[in-house]
1. Search the structure for amide H atoms under 5 Å from the amide H of A:M10, placed 1.01 Å from N in the peptide plane, and list their residues when 5 or more places away or on another chain.
2. Projected onto the charge dipole of the protein assembly as shown (+1 at Lys/Arg Cβ, -1 at Asp/Glu Cβ, origin at the Cα centre), which of A:L192, A:G57, B:L176 gives the Cα projection farthest towards the positive end?
3. HN-Hα J couplings of the range A:54-70 from phi, Karplus 6.51/-1.76/1.60, θ = phi - 60°, integer Hz, Gly and Pro as x?
4. Give the angle, between 0 and 90 degrees and rounded to the nearest 10, that separates the Cα long axis of helix B:2-32 from the longest principal axis of the Cα atoms of chain B.
5. Kindly give the semi-axes, whole Å and largest first, of the ellipsoid equivalent to chain A, taking each as the square root of 5 times a Cα gyration tensor eigenvalue.
6. When you look at the Cβ of every residue in A:92-99, what mean number of other chain Cβ atoms sits within 10 Å?
7. To check you understand DSSP bridge types, tell me what percent of the beta bridges within the protein assembly as shown (both residues inside) are antiparallel, rounded to 5.
8. Can you compute 3J(HN,Hα) from phi for each residue in the range B:220-236, using the Karplus curve 6.51 cos²θ - 1.76 cosθ + 1.60 with θ = phi - 60°, rounded to whole Hz and x for Gly and Pro?
Amino acid sequence: MSQHDDSALMVKIRDLRFAHGARTIFDGMDFDIPRGKITAIMGPSGTGKTTLLRLIGGQLAPLAGSVLVEGENIHGVSRDNLYRLRKRMSLLFQTGALFTDLTVFENVAFPLREHTRLPESMLRDLVLMKLQVVGLRGARDLMPAELSGGMARRVALARAIALDPAMIMYDEPFTGQDPITVGVIMQLIRMLTDTLGITSIIVSHDVHELSMISDYMYMIAGGKVVGYGTPQELGHSESGWIRQFLGGLPDGPVPFHYPAVDYAQDLLAGVTP
Amino acid sequence: MIDWFQNLGRTSLAIFERLGCSGLFLLRVLAALPALATRPRLLIIQLYSVGVLSMMLIVISGLNVGMVLGLQGYNTLVDFGAEDSLGQVVALSLVRELGPVVAALLFAGRAGSALTAEIGLMKATEQLAGMEMMAVDPMKRVIAPRFIAAVLSMPLLATMFSAVGVLGGYFVGVGLLGVDSGAFWSQMQSKVDFYDDIVNGLVKSVVFGFVAAWIAVFEGYDAVPTTEGVSRATTRTVVHTAFAVLGLDFILTALMFGSD
Ligand SMILES: Nc1ncnc2c1ncn2[C@@H]1O[C@H](COP(=O)(O)OP(=O)(O)OP(=O)(O)O)[C@@H](O)[C@H]1O
Ligand SMILES: [Mg+2]
């Protein structure tokens, strides 16, 4: 995993440990996100992919280990520096997290209004350009409650790219989108990376889409990295784990179930003797 | 018995912990206030939704309470042939007690609960987290303007409550029951003291407004980010504000009017 030297790394995670209450999520994980590339993160539902993005964004603090973003420890810097770093990254939330009291237009305009002093006409053009990219220029006057789930997430995407950040983290950007939109979003992510040099991190379950678009892929399970490489490398992997996950097979080393006591025992426990 | 003491200990620890949390939270809110100076628009929007939209309720309630005071006061005073003092009775009750207290209770129900629900839902739907990720401090952008709008609105609403209440009392006493209009106003003017009554009443409403605003934004920000959590937080806002206002009212009244 050390094929990149440090200056080529956008995010460098070492020995990360994190727990939600008693449930250990990460147990000594190392992780690199190369600059200007698309890195995909895959893993079973509930392994902590969303948690990982929040740790990178500095919203959760690890129990141990370090998360360096552009060489700075995001959990050690002052509040001002944290906010300065956050202006350079954006996180597309799994839920969209649109402001329900603002129109689509104002949602996309929000980061611009907060962080820039652009004249209104220029701001309007910028917002309309971002909305055009996600195909929702015509929906600018709608309120978030009037959008479908997929539309809301596309608005969130437009908002995430509004400030032209250096790094964008996408939490399941394809979920709930029709095939055409998925294609458009993939093209968009590729275009942002190739033309603007933006670093992208995509969390998704869509194996097929991810292997087409990403430069590197990580697979995490059980609090550790279990697979890493280019899509081609992973596709030819001998690991039973990776084969099962990429092939979508129910049986294999990847547990489909949340940790639980034995099934038969659990059912029998309800039978009073 | 030991269980009982254990429970008592645990409960009081929990209460102190919560007081501590809300105290720290208040410090953070106060620290975020100066940032508002450059964004007056944020405050104006909140003044409208917190203050202006509460006016209808306050005016109608004030009018009602004033009319009831007029009726009850007249019935008592007329036995002593003292119905000319009606203006004084109505005005003193309103300015010293009912204005600040009832307005604060109504305010908690109308605006405080709405603030808690709004902030709690913003938390539950990750809007606050999203804001933080966009390097916008929710304390400055969301909490501070709502807090200060509530603090500023309360004294104005309490004053409005008292003023409308006096009119209600006048309407019943003078308009319907035949108290002399000149006596109504002159008794009021000579017996209601500016500092002892009006200023003290205003001080009360400022204190109540501060506490109501603090509880409302804290409960919202601290809410468990689920549907149930937000609904509980909303209830807590109304209940805690009511207790706090009634308790503080007793203390303030003892301090202000106790030595007369
Ligand atoms: N606030 C929380 N409190 C306690 N446990 C939590 C909390 N949030 C998440 N978890 C637990 O942490 C684990 C990881 O959650 P996370 O949301 O990161 O999963 P994920 O990999 O993003 O899953 P998905 O692919 O379904 O989105 C889950 O097992 C969940 O039970
Ligand atoms: Mg997730």
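Only the coordinates and a few stated rules stand behind these numbers; no lab work does. As the structure is a prediction and not an experimental result, all values here were calculated from the model. So basically every Cβ, Gly included, is an ideal-geometry build from the backbone, and we count neighbours across all protein chains shown.
1. Hits under the 5 Å cutoff: A:I33, A:R35.
2. A:L192
3. 5, 5, 5, x, x, 8, 10, 9, x, 6, 7, x, 10, 10, 9, 10, 6
4. Orientation of helix B:2-32: about 90 degrees from the principal axis.
5. Numbers: eigenvalues 219, 105, 79 Å².
Ellipsoid half-lengths, sorted descending, are 33, 23, 20 Å.
6. Details: counts 2, 6, 1, 5, 4, 10, 4, 6.
Whole-number average of other-chain Cβ neighbours for A:92-99 is 5.
7. Numbers: 21 of 38 bridges.
Taking every DSSP beta bridge within the protein assembly as shown, about 55 percent pair in antiparallel fashion.
8. Using θ = phi - 60°, the values come out as x, 5, 8, 4, 5, x, 9, 4, 5, x, 5, 5, 5, 4, 4, 4, 4 Hz.
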